[in-house]
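What follows is a set of notes on a single structure, which appears directly below.
The values are calculated or read from the model by the stated rules, or taken from the named source; none is laboratory data. The structure displayed is predicted, hence computed values, not measured ones. Note that each Cβ is placed from the backbone with ideal geometry, even for glycine, and that neighbours are counted across all protein chains shown. Only protein heavy atoms, including side chains, enter the accessible area calculation; ligands, DNA and RNA are left aside. Shrake-Rupley method; radii C 1.70, N 1.55, O 1.52, S 1.80 Å.
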Amino acid sequence: MNENKNIPNQKYPLQGAEGAVRLAILGAGESGVGAAYLAQQQGYDVFVSDFGVIADHYKKQLQGWNIRFEENQHTEAEILSAVEVIKSPGIPEKAPIIKKLREKDIAVISEIEFAGRYCDAKIIGITGSNGKTTTTSLTYHILKDAGLNVGLAGNIGKSFAYQVATEKFEYYVLELSSFMLDDMYRFKVDIAVLLNITPDHLDRYDYKLENYAASKFRVTQNQTAADYFIFCADDPETIKGMTGRSFEAQQLPFSIETKIKPGAYLENDNIVINIQQEHFQMSIKELALQGKHNIYNSMASGIVAKVLELRNESMRESMGNFKNIEHRLESVGKISGISFINDSKATNVNSTWYALESMTTDVVLILGGVDKGNDYGMLKELVKQKVKAIVCLGKDNKRIHDAFEDDVEVIVNTGSAQEAAQVAFHLAEKGDTVLLSPACASFDLFKNYEDRGNQFKAAVREL
């Protein structure tokens, strides 16, 4: 975890001897371009640098705002002359330019940290290895339906910084990845949600789960006794990580294994939320999101809603009519009695476990991609119970074959989404489900998980 002491606390740029203070932004994606706009609005001298190619629509935005930028390189003289640097969450600490910034003791922060200086809204920050996009989307849906003036940002939707510059939201629901949290120092969330901690991105954390967990717990930093920390009491790594840490915020756990007050628990197939004078109850059969993992997600969102004292009727309606996000257990349709589900956002083994756990039919599972050192062992029981065939979608599928050759009779290699959909369709029978839930990153054959999901959906439509 970074110990970046040199974090300026000024809300507005100091004026240097030669005019506005230089602020450099590394990465010209959604977060970088949004941060550039806010920084320019606040009077900084802004320079944007991307080591890769900048997408055309972001280039046009920067040009339209007269913000200087470069692509396919990092001009060190420009970047190292900055007072502060905002970096894309995707740039690792080992990148040469980051090492040089650290050597010069130049502050490196996230877009969220920077935008937070200019934002007075109440912040709900949601993190976790799995379920954070679904929970963030559901929480936003509940708040918006209740009539709150709320924005959605972080790892999802439009850049937080751009919205701070252009909107006047009173609340924000932020999906916060560990990479974002790593570069957040003074930023504070009013309601922090930690869903779970399971091994992911360990290559960025010296392959130590405790380092990754420490990043997740940064969601609670700077909280006061007036704030809230919502967490899963059933998650062993979360409970382990809480030992030895102190929390100023009021703790609101949720569990499906034990009755917890204050907090949320499961009783007779009903979610029950009890906090202070607020009480809420809803049958899990009425939830839009089904499956054990989604009971947890719904509990977390429900606690947020009750902390904000939303009406039970409004909550019940929103939790019952929510449509899940694209590429997360997204129903693509039914052909010849075979259901097709796009879960391309499942880029780790845990996400695929949750997807399989929610399946109620026999499954033809499409797995594979860039393996981040996956341990497929946790999938073995569910694969034995539910999976009749595995279709590999990746350049190197050896580890999948090794993991499941004793559990599944048919394992087939394919090299494209179209081929994977066709092969899966032929292996499935009426009443089965073809599930794309890869457990791997997508960069071997696709631009990103969205591209993988979109190609799969297009292939299904062509069957």
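In the stretch 143-166, what residues are modelled with pLDDT of 95 or more, part of a loop (DSSP other than H, G, I, E, B) and in contact with a Lys or Arg (Cβ under 9 Å, 6 or more places away or on another chain)? Correct list: Ala146, Asn149. Selection of the stretch 348-376 for residues being out of contact with any His (no Cβ under 8 Å at 6 or more places or on another chain), farther than 21 Å from Val412 by Cβ and in a helix (DSSP H, G or I) yields Asn350, Ser351, Trp353.
Residue-level analysis places Thr220 among those that are buried (at least 19 other Cβ atoms within 10 Å of the Cβ) and either small (Gly, Ala, Ser) or within 23 Å of Glu113 (Cα to Cα) (or both).
Could you tell me whether any residue of the stretch 123-136 is out of contact with any Leu (no Cβ under 9 Å at 6 or more places or on another chain) and either modelled with pLDDT of 95 or more or of a type outside the set (Val, Ile, Thr) (or both)? No, the conditions are met nowhere in the stretch 123-136.
Just one of the listed residues (Asp396, Asp362, Asp406, Asp343) is surrounded by fewer than 20 Cβ atoms within 10 Å (Cβ to Cβ) and in contact with a helix residue (DSSP H, G or I) (Cβ under 7 Å, 6 or more places away or on another chain), and it is Asp362. Restricting attention to the stretch 165-186, the residues that are over 17 Å from Lys132 (Cβ atoms) and open to solvent by less than 20 Å² (accessible area, probe 1.4 Å) total 2.
Are there strands (runs of 3 or more DSSP E) fully within the stretch 233-296 with at least 2 residues that are loosely packed, with under 14 Cβ neighbours inside 10 Å? List them.
Passing ranges, in order: 278-283.
Which one of these is touching a strand residue (DSSP E or B) at 6+ places or on another chain (Cβ under 8 Å), over 30 Å from Gln276 (Cβ atoms) and not in a helix (DSSP H, G or I): Lys395, Lys345, Lys334, Lys323? Answer to the check: Lys334.
Being modelled with pLDDT of 95 or more and more than 19 Å from Lys447 (Cβ to Cβ) holds for only one residue in Lys398, Lys388, and it is Lys388. Listed by first and then second residue, the pairs with beta-carbon distance under 9 Å, at least 6 apart or on different chains, first residue in the stretch 114-141 and among the small types (Gly, Ala, Ser), second open to solvent by 20 Å² or more (accessible area, probe 1.4 Å) and part of a strand (DSSP E or B), are Ala121/Tyr171; Ser137/Leu152.
Total residues in the stretch 117-142 satisfying the condition of being over 19 Å from the mean Cα position of the chain (by Cα) and either under 19 Å from Glu175 (Cβ atoms) or part of a helix (DSSP H, G or I) (or both): the figure is 3. Taking Glu381 as the residue in question, decide whether it is free of Cβ contacts under 8 Å to residues at least 12 places away in the same chain, open to solvent by 20 Å² or more (accessible area, probe 1.4 Å) and not basic (Lys, Arg). For Glu381, the condition - free of Cβ contacts under 8 Å to residues at least 12 places away in the same chain, open to solvent by 20 Å² or more (accessible area, probe 1.4 Å) and not basic (Lys, Arg) - is met. Taking the criterion of being within 20 Å of Gly302 (Cα to Cα), within 16 Å of the chain's Cα centre (by Cα) and among the acidic types (Asp, Glu), the only residue of the stretch 143-184 that qualifies is Glu175. Filtering the stretch 9-28 down to residues that are modelled with pLDDT under 95 and touching a helix residue (DSSP H, G or I) at 6+ places or on another chain (Cβ under 9 Å), which residue is nearest to Asn72 (Cα to Cα)? Here the residue is Arg22.
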